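The structure appears below as structure tokens.
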Amino acid sequence: MFDLTASADRAAALVAGVFDAQLEDPTPCPEMRVRELVAHLHGLAIAFGDAAAKVDGPTTRTPPDPAASVLAPDWREAAPAALAALGRAWQDPAAWEGMTAAGGVEMPAEVTAMVALDELVLHSWDLAVATGQSFDPDPAALDIAEQFCADIGEDPAERAGLFGPRVPVPEGSGQLDRVLGLSGRDPFWTPPED
């Protein structure tokens, strides 16, 4: 078991820091604007929270389509609440037992929790750099995300729907930059200038 609460709280704080005027801005995820990214974080919080509770239904059995994510009218309250609930859900020891499903994929519960944590770390960085906020990931979460990303091979079929091709980072790069590169993100991404 590991704690998802710190990463969920960081994601919630970043969502709270988004201004309405930023919702149409680009993110490091080419298919998503800030609007879709916040909606995706909201949706994954619900899905992985339900996965912890072993809910078998649309929230856990439907593959995600981040580009089609629709921002809820009450997103400023609902997304942080869902993220907080996600962190609490994985504090239950029963969440870590057996198999569960998220995103339409059935996996051992502990692998599902690793995917959830990786999503929180990566998408928190995405949201932070897209909206000009600072992001200081939980060190324990970063360790887990690095191992998870490193374990995903370079075969495009294995990475499809999860990560893009790995991005090389300079030797001596910090851990967050290494994780971003392993996930197919450019650690030096900045929003395009108008």
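What residue among GLN91, LEU37, SER69 has its Cα farthest toward the positive end of the dipole of the stretch 22-96, where the charges are +1 on Lys, Arg and -1 on Asp, Glu, each on the Cβ?
The listed residue farthest towards the positive side: GLN91.
Given +1 on the Cβ of Lys and Arg, -1 on the Cβ of Asp and Glu, and no further charges, what dipole in debye does the stretch 1-114 carry about its Cα centre, rounded to the nearest 20? Display every interim value, and only then the final one.
Details: 7 positive and 16 negative charges, 13 e Å.
Dipole magnitude for the stretch 1-114 comes out near 60 debye.
Stretch ASP74-ASP20 to full length: gain in nm at 0.36 nm per residue minus the Cα-Cα span?
On the way: separation 54, 0.36 × 54 = 19.44 nm, distance 1.24 nm.
Stretched out fully, the ASP74 to ASP20 stretch lengthens by 18.2 nm.
So for the chain, Kirkwood radius off the Cα pairs, Stokes-Einstein at 4 °C and 1.567 mPa s: how many µm² s⁻¹?
On the way: Rh = 16.7 Å.
Once the numbers are plugged in, D ends up at 78 µm²/s.
Can you give me the accessible area per residue for the chain, using a 1.4 Å probe, in Å²? Numbers along the way, then the final one.
On the way: 9200 Å² over 194 residues.
Here the residues of the chain average 47 Å² of exposed surface.
From Cα pairs below 8 angstrom and at least 6 apart in sequence, can you work out the relative contact order of the chain, rounded to a whole percent? Working shown, then result.
On the way: 309 pairs, mean separation 48.4, N = 194.
Computed value for the chain: 25 percent relative contact order.
Positive end of the dipole of the chain, charges at C-beta (+1 Lys, Arg; -1 Asp, Glu), about the Cα centre: which of VAL121, ALA150, PHE188 has its Cα farthest in that direction?
Sorting the options by dipole projection puts first VAL121.
Run the 1.4 Å probe and let me know the accessible area of MET114, rounded to the nearest 10 Å².
50
Could you tally the net charge around THR62, taking each other residue with its Cβ under 14 Å from the Cβ of THR62, Lys/Arg +1 and Asp/Glu -1?
Working: positive: ARG61; negative: ASP50, ASP56, ASP65, GLU106.
For residues surrounding THR62, the net value is -3.
Over the chain, what percent of the accessible surface lies on carbon and sulfur atoms, probe 1.4 Å? Please list the in-between numbers first.
Details: 5210 of 9200 Å².
Its accessible area is 57 percent carbon and sulfur atoms.
Rounded to the nearest 20 debye, what is the charge dipole size of the chain about its Cα centre when +1 sits on each Lys and Arg Cβ and -1 on each Asp and Glu Cβ? Don't skip to the end; give the middle numbers.
Working: 11 positive and 32 negative charges, 54 e Å.
It works out to roughly 260 debye.
Kindly list the residues of the stretch 1-23 that lie in the label zone of GLN147, defined by a backbone N under 20 Å from the point 7 Å along the Cα-to-C-beta vector.
The answer is 1-8, whose backbone nitrogens lie closer than 20 Å to the label point.
The values are calculated or read from the model by the stated rules, or taken from the named source; none is laboratory data. The model shown is predicted, which means the values in this text are computed figures rather than measured ones. Counting neighbours? That spans all protein chains shown, and the Cβs are built from the backbone with ideal geometry, glycine included. When the accessible area is computed, the model is the full protein with side chains, heavy atoms only, and any ligands, DNA or RNA have been set aside. Shrake-Rupley method; radii C 1.70, N 1.55, O 1.52, S 1.80 Å.
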